[in-house]
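Have a look at the structure below before the remarks.
The values are calculated or read from the model by the stated rules, or taken from the named source; none is laboratory data. Here the structure is a predicted model, which is why all the values come from computation and not from measurement. No Cβ is skipped: glycine too gets one built from the backbone with ideal geometry, and neighbour counts run over all protein chains shown. Note: accessible area is taken over every heavy atom of the protein model, side chains too, but ligands, DNA and RNA are not part of it. Shrake-Rupley method; radii C 1.70, N 1.55, O 1.52, S 1.80 Å.
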Amino acid sequence: TYLAGSFAPSVGIETAPRVRALALSAGSETVVILKLDLASSYQGFVHDVEARLGPEFSGKVIVASSHSHSSFGNYSGHSALAVGFGRFRSSVYDPIVEQLTAAAEAALADMEPARIGFALDDGFDPEDRVNRDRRSENDELAGGRLDDHQLFVIRVDTEAGEPMAVLPVFGVHGTIHGADNAIVSTDSTGGVERVLEESFDSSVLVMHLQGAAGDVSPAGSGVIDCDGREVCADFGRSETVGHYALDAIRTAWEAAGDSMQGELAMEMLTRTVPLGPDWETFTIREGALEYAPWDGRTEADGVIFDEDGTFASPVDEFNAPYGAALCGSADVGGIRLPQSKLPGTDELRDYSYFFCNRLEEIDTIIEVTVDVEFEEPPLCDTTQTTVSALRLGDWMVGTLPGEPVTLLRDHLQTLSPIDPERTIIVGYAQDHGGYLLRPEDWIAGGYEPSITFWGPLEGEYVAEQAAAVMAAAATDEREDGNELGIARVATPPVSDDVTLDTTSAEVGSVPDSLPPYVLTRMLQEVTQAQPAATVPRLGTVFFTWIGDDPLSGTPRVTLQREVETEPGTFEWQDVIRRSGRAVQDGDFIVTWTPDPILREAGTERTHYFTVEFQAAAPMGMPGLEGIADRPGLPLGRYRFRVEHPSYELVSDAFEVTPAPLSVMTSAAGGDVSVTLGYEAPTGYRVLDLETRSTGFVPLRSEDVEVDVDGTVTTETTAADGSLTLAGAAGASSITVTDRFGNAATFTP
């Protein structure tokens, strides 16, 4: 935690954060779309990657983010966000910029003639299985009860029609795993990407982009019952979000294929947008709504709406010359300090103004309380932000630098120079300034207004600025994206004093014995470093090795299987998914245990890494792609291969054996009623979409072989796994075997 701060300390990885890159070129225009598995984007990423790629990419780079709450922080120079993300650290920021640049360069080098298509599903997820509305405060506003029901799909194919890239765009927060989860995960958006990747027979780039996720939570279905156990999170639920979204995305992808284009007009513009501290900047609605001058002293008149119900202008309640934060409602932990409250708002408890705290008065208190450092107000990154627009023929992609709620996204689409149904708004892109709401929504209270800095007019003002950039990109004339001439934000000049641990242990080796404590998911006990000699299907197996300080690089684990390549000749081969990708994270969980646990200057530490594998068919395993196929992991010998920048090693082999079927029986007359299924109480993989995968999982609607005292028949279970064996009550032995060879023998 000396490195991470509050967002997000980690002791392991379930799915590793990735950089995804798509380069597009038409005529003289070349752009790069990058997507990071991080909680937010940051405008410094955009400008630094542009600079590294060269002057021709100025204004031609989009950096979007997944908004996983189970990913890393410490990379944003926005000092106010350090309260959540932790202090800015160059040791985190610089490698991200390097990897963004490398991914962009790789995409540019790999370009080939292509075709592009688009589709919109405007009735996405009607049953709220993928996402759902989470903001009740705006329910009374028109459209406020809706979640993000728009699914856009951008499809890129080779000239020959082979799929190259799929970009689904819809809003879904990355909040399946709570704040207490200390294992890194790509969360709900990662589940969407991984399931969609494995629906193709080749390695297609899948890049989910956030839509209006500010007031939208992920849905999915529960898989793991943590039951109060430590180091436990419902990792399987992220995958279920992907399964529920898959059919709609594939249908939209097919629809996009009906109008593929090999030539189109393309233009991208990026603009730095001024924010505070000038109160006049935020004037919106063609001058109809503005702030009263800010002086920090004048009492508000308390008039929120005019007699006709319109938002009263000028707005004198938000009198904050340097911005304000922690606005919202008492029920979301709002605080209100006498010295930092907005003047004249004592009677406005029903509105977000009541809990606002002026930054210049509260900054010192926050610095001491949270251990962050602010520059003198106004805070630099609250004074400007970045928006972009990308015209692709008669479609428009616009970015928003924060967390847009659905009502704001819908409004921006009406401001677009292109029809709303052809305007794709990507949130969490180019920067992050908190939540983006319309004024009527902002004043309604709740959590979202607490992470804003310039009051009720900021969100709609930023949307109007984005609309202006889209209007410029829609013309045939080439404009200067940064025509306002505003200086762009500079990356903070910070040098870390973080040093790597020293160790006397042999890095990249397997220890003969383990320390008294090795951290694992759910604190499962590990008594030996090498895997157990055998593991039944759906059971778990562990392997522990000595690695290096995590700051030196992330160890990546691959599953290998012993394969007979010709009679009598065996070799170890990576287990490959349907898409051609090797089985790595997502099917494993890797945890880290330093010894001693606490870091002390001058004290050597040994770093133990442990991989856990549930012996289920990996996602996308050829021939076993379905969830019902998971108990069918091919039998045989497996091992783990570990790669790290400074070492490589392999584990001992372990044998995967059949799983025992779980059987519940009852007798009635001469018949025997059985219910068949599987049990994996310590598992983490999805085995069923309707019930907990760590409980009894029914063998639904499956053919099974039944042997009653030597008489063998084939029977089919019901949807709940039940089966009636007529006349079997007097049998001395009954054996039931599923299609994979998993079996149970019992006496009625």
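Using a probe of 1.4 angstrom and keeping all protein chains present, the accessible surface of the range 228-326 works out to 44 square angstrom per residue. Kirkwood hydrodynamic radius of the range 2-82, from the reciprocal of the average inverse Cα-Cα distance over all distinct pairs: 14.1 Å. With protein chains left intact and a 1.4 Å probe, residues in the range 1-149 average 38 Å² of accessible area per residue. So which GluC sites (Glu not before Pro) in the range 273-342 are both in a DSSP loop and have at most 12 other Cβ atoms within 10 Å of their Cβ? When the GluC sites (Glu not before Pro) of the range 273-342 are filtered for loop state and at most 12 Cβ neighbours within 10 Å, GLU286, GLU307 remain.
Of the accessible area of the chain, computed with a 1.4 Å probe over protein heavy atoms only, carbon and sulfur atoms account for 48 percent. Taking all Cα pairs closer than 8 Å and separated by 6 or more residues, the relative contact order of the range 298-338 comes to 29 percent.
Relative to the longest principal axis of the Cα atoms of the chain, the long axis of helix 359-370 lies at roughly 30 degrees.
Once C-alpha pairs closer than 8 Å and six or more residues apart are averaged by separation and normalised to the residue number of the range 425-584, the relative contact order reads 12 percent. Each part reduced to its alpha carbon centroid, the range 661-692 and the range 267-329 end up 60 Å apart. The spacing between the range 102-181 and the range 573-623, judged by their C-alpha centroids, is 28 Å. For the range 195-242 versus the range 391-410, the inter-centroid distance based on Cα atoms is 23 Å. For the peptides 627-640, 76-89, 428-441, the ranking by mean Cβ contacts within 10 Å, running from highest to lowest, is 428-441, 76-89, 627-640. For GLN413, the shell of other residues with beta-carbons less than 14 Å away shows a net charge of -4, using +1 for Lys and Arg and -1 for Asp and Glu. Between helix 458-473 and the chain there is an angle of about 90 degrees, using the helix long axis and the longest principal axis of the Cα atoms.
At 1.4 Å probe radius, can you tell me the per residue accessible area of the range 359-462 in Å²?
Averaged over the residues of the range 359-462, the accessible area is 26 Å².
Scoring 704-716, 614-626, 127-139 by mean Cβ neighbours within 10 Å over their residues and listing the highest first yields 614-626, 127-139, 704-716.
In order along the range 419-434, phi translates into HN-Hα couplings of 3, x, 6, 10, 10, 9, 9, 10, x, 6, 10, 6, 4, 8, x, x Hz, rounded to whole numbers, per the Karplus curve 6.51 cos²θ - 1.76 cosθ + 1.60 with θ = phi - 60° and x for Gly and Pro. Counting only cysteine Cβ atoms and a cutoff under 4.7 Å, the chain contains unmatched residues CYS380. In the range 70-170, Cα pairs under 8 Å separated by at least six residues give a relative contact order of 21 percent. Semi-axis lengths, largest first, of the ellipsoid equivalent to the range 474-556 are 50, 23, 11 Å, with √(5λ) applied to each eigenvalue of the Cα gyration tensor. For the chain, find the longest principal axis of its Cα atoms and tell me its angle to the long axis of helix 406-415, 0 to 90°, nearest 10. Helix 406-415 sits at roughly 60 degrees to that axis.
Couplings 3J(HN,Hα) of the range 145-161, computed from phi: 7, 7, 8, 7, 9, 9, 10, 9, 10, 9, 10, 10, 10, 5, 4, 7, x Hz, in residue order, whole Hz [Karplus 6.51 cos²θ - 1.76 cosθ + 1.60, θ = phi - 60°; x for Gly and Pro]. With helices as the sole contributors, the chain gives -4500 deg cm²/dmol at 222 nm; each DSSP H run of n ≥ 4 counts as -39500 (n - 2.57), and the sum is divided by every residue. Calculated from the structure, Cα extents along the principal axes in Å equals which of (1) 90, 62, 57; (2) 83, 65, 50; (3) 84, 54, 52? Checked against the structure: label (1). When peptides 45-57, 210-222 are sorted by average Cβ neighbour count within 10 Å, with the highest value leading, the order is 210-222, 45-57. Plugging the Kirkwood radius over Cα pairs into Stokes-Einstein for the range 415-515, at a temperature of 37 °C and a viscosity of 0.692 mPa s, what D comes out in µm²/s? It diffuses with D of about 175 µm²/s by this estimate.
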